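Please treat every number below as a calculation from the coordinates, not as lab data. Source: prediction; values computed, not measured. Neighbour counts are summed over all protein chains in view; Cβ atoms, including those assigned to glycine, are modelled from backbone coordinates with ideal geometry.
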Amino acid sequence: MRIQELAPDVLMFVGDQVESVATAFVNGDQVLLVDALGSEEDAAWLREVLYGQMGKRVRLVAATHFMSDHICGMTLFPEALTLAHRHHRHAFLSQNQPVASRYRDPDIVFDNLAMRWGRHQLRFLYNPGKTMDHMSVDVPSADLVCVGDNIVGNIVYLSRSDPALQRAAIGRIQQFGRSRVVGGHIGVFDAAVLGNALHYLQRMQEIVVDIRLRTAPTETTALMAAIRLEDCIASGVTPTAFEREWHGHNLTAIVAQSIFSLDAALAAREQAA
């Protein structure tokens, strides 16, 4: 577990469980959290640091998306108001392993919202991509944007998502023009990470579509399972262990969920026209 100061009044917490991220915006002795870590142990550590060591109180907890590995702290801050997009249940139920004990009905649901918190204005902007409830939290005064799981470091996670929505979501984040991007996992990145994630998504689609078009169905599974991260990652990027792990999860999902099969069918139809 680690803490990184992004500004004098903005702290990023990265837990041990799937390197899930929470971002704390501090206003005097009050805190607004964007996301709330991925395990009960990590959330308890977050509470101990904020309450026990810093003497702060969490007043609001906002979710970039309502998946179990980002909302653990909601149940540990019962006195805080919780915020989520109105499609939060859709996201919660769409995940591979929803954990009901971590679910807490949000107190406030919305599509878009702007809020003043201390010296910062936080703009909660609906940005469906990895899930249908995803929000980007744009903070111009801190030159950062919290993007949840619309990226996973320099790659994306494809399971149970629409790649076209993911591509559009990352494009909208680029339009904010922030120099720092706080992901849902790993930590904070410079803006180039968005282009890197788009490159990965495009290359994955190109490779998988090519395999589906040119290979007998009996052979596609083995070929897709063998796609190398090095053939998809942007030039000059050295993948982290976490990115390698989740690239492997992508390969499993591509086979199990027939990801990019529609794109392959459309490409085949175009070729035949």
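Each residue, Ser141 and Asp107, gets one label point 7 Å from its Cα in the Cβ direction; the gap between the two is 2.1 nm.
Of the residues Ala100, Ala253, Gln30, the one whose Cα sits farthest toward the positive end of the charge dipole of the chain, with +1 on the Cβ of Lys and Arg and -1 on the Cβ of Asp and Glu, is Gln30. Helix screen, the chain: no DSSP H segment has Cα axial length of 27 Å or more and mean Kyte-Doolittle hydropathy at least 0.5.
For region 161-223, the square roots of the Cα gyration tensor eigenvalues, ordered a ≥ b ≥ c, give a/c of at least 1.5 with a/b greater than b/c, which places it in the prolate category.
Can you bin region 84-195 into rounded, prolate or oblate? Criterion: square roots of the alpha carbon gyration tensor eigenvalues sorted a ≥ b ≥ c, rounded for a/c under 1.5, prolate for a/b above b/c, oblate for the rest. The shape class here is oblate.
Sparse packing (at most 10 other Cβ atoms within 10 Å of the Cβ) combined with a DSSP loop state is found for none of the trypsin sites (Lys or Arg not before Pro) in region 61-149. In this structure the amide hydrogen of Asn27, modeled in the peptide plane, comes within under 5 Å of the amide hydrogens of Leu32, none closer than 5 places in sequence on its chain. The modelled label-to-label distance for the pair Val49/Ala114, using points 7 Å beyond Cα in the direction of Cβ, is 3.1 nm. Note: relative contact order over the chain, using C-alpha pairs below 8 Å and six or more positions apart, is 13 percent. Using a simple spin-label model with pseudo-atoms 7 Å out from Cα toward Cβ, Arg214 and Ser261 lie 2.2 nm apart.
If you take the beta carbon distance between Ala225 and Arg89 as r and set R0 to 25 Å, what does 1/(1 + (r/R0)^6) give as a FRET efficiency, to the nearest 0.05? Computed FRET efficiency for Ala225 and Arg89 comes out at 0.15.
Qualifying trypsin sites (Lys or Arg not before Pro) in region 189-233, where qualification requires a DSSP coil assignment and no more than 15 other C-beta atoms within 10 Å, comprise Arg228.
Using the Cα gyration tensor of region 38-124, with a ≥ b ≥ c the square roots of its eigenvalues, what is the shape: rounded (a/c below 1.5), prolate (a/b larger than b/c) or oblate (neither)? Oblate, because a/c is 1.5 or more while a/b does not exceed b/c.
Students often get this wrong: which residues of region 104-144 have the backbone nitrogen under 17 Å from the point 7 angstrom along Cα-to-C-beta of Ala192? Answer for region 104-144: none.
This model, with +1 at the C-beta of Lys and Arg and -1 at the C-beta of Asp and Glu, gives the chain a dipole about its Cα centre of some 520 debye. Amide H contacts of Arg57: Gln30, Val31, each under 5 Å away and 5 or more positions distant or on a separate chain (H built 1.01 Å from N in the peptide plane; Pro and chain starts excluded). Database remark: amide H of Val152 closer than 5 angstrom to the amide H of Tyr157 (H placed geometrically; neighbours at sequence offset of 5 or more, or on other chains; Pro and chain starts carry no H).
Per residue, the convex hull around the alpha carbon atoms of region 118-273 comes to 111 Å³.
The GluC sites (Glu not before Pro) of region 1-94 meeting both criteria, a DSSP state outside H, G, I, E and B (loop) and at most 12 other C-beta atoms within 10 angstrom of the site's C-beta, are Glu79.
Shown in residue order for region 130-138 are the 3J(HN,Hα) couplings computed by the Karplus curve 6.51 cos²θ - 1.76 cosθ + 1.60 at θ = phi - 60°: 4, 10, 6, 9, 4, 10, 9, 10, 8 Hz (x for Gly and Pro). The three principal axes of the C-alpha atoms in region 21-79 carry coordinate ranges of 29, 20, 19 Å, sorted with the longest axis first.
When only the Cβ of Lys, Arg, Asp and Glu is charged (+1, +1, -1, -1), the dipole of region 92-144 relative to its Cα centre reaches about 140 debye. Each Cα pair under 8 Å and six or more residues apart adds its separation to the average, and for region 1-131 the resulting relative contact order is 18 percent.
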